[in-house]
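Encoded as C-alpha cells, the structure appears first; notes follow it.
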Amino acid sequence: MKKEEQIIQALRQVKDPEVPVLDIVEMGIVRGVEITESQIIITITPTYTGCPAMRVIEEEINQVLKTEGYENVEVKTVLFPAWTTDWLTEEARLKLKAYGIAPPEKVNEVDLNPFNWEEKKVACPFCESMNTSLTSQFGSTACKALYYCNNCQQPFEHFKCI
C-alpha cells in the first residue's frame, strides 16, 4: 500500500464529533494528502465556515498520525471550494440512515433558494415513509433539522443539504 493510502486509512479513525458514526474521509472533509521530504500536509475543508468541530478534528488528525508514526504533520484548512453534502460518500449516506438521521439529497436535486420557505418532504430513516413533518429547522447541530414521522411516530434528524 502506498504511503498516501496508508495515511488516508489512518485518517478514517478520526470521527466527526457532531456525527460520530462518520469519519472525516467519507464525509469529504479531507481534501488532500501531500507528502514532501520534510512533512505531511493534510488539507481539510470545514462543513461550514466557523464549524466548532474543526479544532478537535485537527487535533485528532495530528494525534492519529503521530500514533501511526508520522511526525512532521501540518493540517491546512481551506474554505474554497466550500464543502457540500455532495462530498458525502454513498457509504456515509447509508451510515447516516442506519444511525437514524435522514441523509441529505444531492445538491442538484433540490432548490437551494434561501427564500423558498416551502417545507420539503424528507423520507423517514426508520420506515421510509414520506409522511413526515418539520418540527424545527435546527436539530442537535446547525447542520441538521428535526422532523417527525407521522407513520411510525418517530422523531428524527435530517442532515441538511448544502
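The values are calculated or read from the model by the stated rules, or taken from the named source; none is laboratory data. Please read all numbers here as calculations on a predicted model, not as lab measurements. Virtual Cβ from ideal backbone geometry, glycine too; neighbours counted across all protein chains shown.
At-a-glance table
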item	result
Count of residues meeting criterion [among the aliphatic types (A, V, I, L, M) and either part of a strand (DSSP E or B) or not assigned by TED's automatic domain parsing to the domain that holds residue 65 (or both)] in region 7-27	3
Residue in region 90-130 that is surrounded by the most Cβ atoms within 10 Å (Cβ to Cβ), counting only those that are at pLDDT below 95 and assigned to a helix (DSSP H, G or I)	107
Output for region 1-25, where each listed residue is touching a residue at least 12 places away in the same chain (Cβ under 8 Å), more than 18 Å from residue 68 (Cα to Cα) and surrounded by fewer than 19 Cβ atoms within 10 Å (Cβ to Cβ)	17, 18, 21
